[in-house]
Amino acid sequence: MANIGSYENHLKNFNWSIAEKELGYLDGDVINIGWYCSDRICQLGKSEKTALIWEGKGDHEVKKFTYNDIRVLSNTIGAYLRGLGIHDGDRVCLFMDKVPELYIGLLGILKIGAIAQPLFSAFGDESLFVRLENAGTRAIITQRKHASKIQKILDRLPNLEYIIVVDDEGKKTLKDKEIVFHLDKAERVEKFDIFPTKAESGSILHYTSGTTGQPKGVKHVHYSLISQYLTAKWVLDLQDDDIYWCTADPGWVTGTSYGIIGAWALGVTQCVLDSGFSAEAWYRFIEKYRVTMWYSAPTAIRSLMKAGDEIVKKFDLSSLRHIASVGEPLNAEAVVWSQRMFGKPFYDTYWQTETGSIMISNFPGMKVKPGSMGLPFPGLTAAILDPDSFEPIYAVNKPGLIAFRHDWPARMRTYWNNEETFQKKFKNGWYLTGDRSTIDKDGYYWFIGRDDDVINTGGHLVSPFEVESALLEHPAVAESAVVSKPDDINMEVVKAFVTLHAGYEANDEMELDIMNFIRKKLSPLAMPQEIEWMDKLPKTRSGKIMRRVLHAKEWGEDIGDISTLEND
Ligand code: WT7
């Protein structure tokens with residue numbers, strides 16, 4: 001029996017107080033996610049239950065942590081940060097691979113009331129810089145191998161006081177602002193005064209890419225727990241004896257909302273694989289730890305499909321009870337394939353960094369419609385809006401903008417230092433997701449595409465603006481336009497159109513030079529797969545580059561109205 005019971009019944013009388021009651025929270029109380037994810041689980045008698053099974057690059061490298069370990073070690077990190085003078089409201093960045101310090105460190109940061117800013121460890125120095133600068137980050141927790149990227153930008157970050165290295169071997173002398181902290185050598189802090197955060201206290205800052213301007217810091221608060229807990233319970237269907245594997249990196253919202261908070265607030269055992277993707281490694285991981293609930297992403301699923309059916313048969317994957325997906329459109333074929341290979345369909349879920357928790361999904365115990373994102377979570381007011389009037393469209397199968405009334409607990413509270421852009425996300429009282437979809441006769445949502453130029457490559461949003469800016473810093477580049485092009489596995493990949501300054505030659509050597517130049521600035525995910533040389537870029541009469549025209553060309557689509565195109 002699925003946790004949710006009857007979806008229809010919940011629709012009739014839903015109230016978020018269901019989650020508040022289960023969590024023993026009353027309006028106005030102290031609410032601290034760090035406490036809920038560790039101390040509370042211990043108080044419920046699960047101190048010795050395994051909270052985290054972590055596997056590193058080789059499968060001999062395994063670490064296990066009980067809920068009591070998680071409780072004490074997050075206290076330890078919290079106490080250490082507090083000792084440095086870090087306090088509530090300060091931003092502390094986590095810039096690490098998927099090591100235990102990342103997961104436990106996040107709780108430690110939250111326990112002192114500071115705001116955790118997780119950033120994907122593959123970010124290059126420029127991507128890192130804009131995010132640390134915007135947040136005014138005071139401390140960054142990192143690994144030795146990533147610290148050099150911070151050194152490069154340090155003199156431009158006056159607010160950054162500490163670079164805390166968790167795995168320094170003491171071989172080299174420490175650089176400016178670096179200090180060393182070893183979680184396994186630190187004195188364990190059994191008792192800790194957790195900062196009394198309230199519902200609206202800041203918790204996590206996740207950066208997400210938009211079409212224009214720099215990445216935006218999505219501010220979440222401790223009250224987000226209410227949505228994350230209930231959606232992890234009803235949509236991911238997490239149950240007490242589950243072994244849960246969320247494949248997302250906590251540098252992105254799935255990795256925190258469900259790779260840390262949802263799972264641990266429910267007292268579930270979760271496992272983490274800190275190594276690159278391969279079909280064998282993933283199936284072996286499921287087999288070895290008897291994973292029962294698996295939350296992954298379409299690009300990974302398409303890569304598994306490509307690896308073939310024979311590999312699947314080499315492993316015993318019978319432990320899997322429930323599987324779900326997020327991040328990009330999940331093709332109907334992938335759902336049908338998983339049904340054939342694992343005996344169950346991938347349940348698609350739809351949400352965003354900004355929403356903080358799952359919004360639309362296929363619910364356990366209900367019929368999955370392959371290719372559809374499913375139904376809105378109970379308690380949400382969801383609609384498809386007409387793009388001109390921003391009024392709800394009630395007609396079946398008519399495309400519109402996906403929008404929600406902004407009233408669920410995990411909604412973003414603002415974009416950090418950018419309230420103006422935040423306000424632009426609303427029309428007629430609706431929060432606009434920036435995505436388009438239709439609704440069928442049963443109320444199921446069918447994704448169409450984004451309503452902006454943001455590129456979704458392998459489930460990661462890439463801002464064309466950020467890539468164009470990096471390209472423009474190369475001395476030879478005069479102009480650039482970045483769009484997506486189709487790809488079998490990643491659905492979309494990044495493609496750059498470039499014009500060069502006079503005196504530079506467009507050739508393979510130049511391409512390599514430019515690629516190497518931007519690689520250091522961006523994340524590997526944002527790297528163009530191709531540069532196409534242009535004599536000039538399509539522009540509007542006012543001189544704005546028309547990405548739309550280039551995009552249509554790549555996708556073999558009708559170019560549409562180009563009456564504003566410059567014509568000479
Ligand atoms: C964007 C949000 C929160 C999960 C990680 C991504 C796209 C997300 C789906 C889905 C089609 C999806 C949307 C959305 N997206 N889930 N099930 N089907 N598209 O978070 O980086 O903030 O990206 O990812 O375009 O707006 P994100």
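What follows draws every value from the coordinates through simple rules; no lab data is involved. The structure presented is a predicted model; accordingly, all values stated were derived computationally and were not measured. All Cβ positions, glycine included, derive from the backbone under ideal geometry; neighbour counts span all protein chains shown.
Note on the stretch 7-437: with charges restricted to the Cβ of Lys and Arg (+1) and Asp and Glu (-1), its dipole about the Cα centre is near 320 debye. With a simple spin-label model that places each label point 7 Å from the Cα along the Cα-to-Cβ direction, the separation between Glu391 and Asp88 comes to 4.6 nm. Normalised by the residues of the chain, what does the relative contact order come to in percent, with Cα pairs under 8 Å and at least six apart? It rounds to 12 percent for the chain. Across the stretch 456-555, Cα-Cα pairs farther apart than 17 Å form 48% of the total. Close Lys pairs in the stretch 456-555, defined as Cα atoms under 14 Å apart and 8 or more places apart or on different chains, number 4. Note: relative contact order over the stretch 153-207, using C-alpha pairs below 8 Å and six or more positions apart, is 26 percent. Add +1 for every Lys or Arg and -1 for every Asp or Glu among the other residues with Cβ under 14 Å from the Cβ of Ile489, and state the total. In short, -2.
In loop segments of the stretch 302-402 as defined by DSSP, the trypsin sites (Lys or Arg not before Pro) with at most 16 further C-beta atoms inside 10 Å of their C-beta are Lys314, Arg321, Lys367. Remark: the Ile153-Tyr7 segment gains 47.5 nm on full extension, using 0.36 nm per residue and subtracting the alpha carbon distance. Based on every Cα atom in the chain, Rg and the maximum pairwise Cα distance Dmax equal 23.5, 75 Å.
Restricting the stretch 424-509 to trypsin sites (Lys or Arg not before Pro) that sit in a DSSP loop and have at most 13 other Cβ atoms within 10 Å of their own Cβ leaves Lys424, Lys441. Measuring r between the beta carbons of Leu44 and Lys288 and using R0 = 22 Å, the FRET efficiency lands at 0.20. Here the spin labels are modelled as points 7 Å beyond Cα on the Cα-Cβ line, and at Lys398 and Thr540 they lie 2.7 nm apart. For the pair Asp240 and Glu557, the difference between a 0.36 nm per residue extended length and the Cα-Cα distance amounts to 109.2 nm. A simple spin-label model places the labels of Val62 and His182 2.4 nm from each other, with each point 7 Å out along Cα-to-Cβ.
Estimated from helices alone, the mean residue ellipticity of the chain at 222 nm is -7500 deg cm²/dmol (sum of -39500 (n - 2.57) over DSSP H runs with n ≥ 4, per residue).
When the listed pairs Lys233/Lys398; Lys175/Lys219; Lys57/Lys198; Lys49/Lys369; Lys111/Lys185 are checked against a 28 Å cut-off, the alpha-carbon distance exceeds it for Lys233/Lys398; Lys175/Lys219; Lys57/Lys198; Lys49/Lys369. Size descriptors for the stretch 131-279: radius of gyration and Dmax over Cα atoms are 18.0, 50 Å. The slack between Tyr504 and Asn15, meaning 0.36 nm per residue of separation minus the straight C-alpha distance, is 169.7 nm.
The distance linking the stretch 356-393 with the stretch 100-179 is 37 Å (Cα centroid to Cα centroid, whole angstrom). Normalised by the number of residues in the stretch 456-555, the mean separation of alpha-carbon contacts (under 8 Å, six or more apart) gives a relative contact order of 30 percent.
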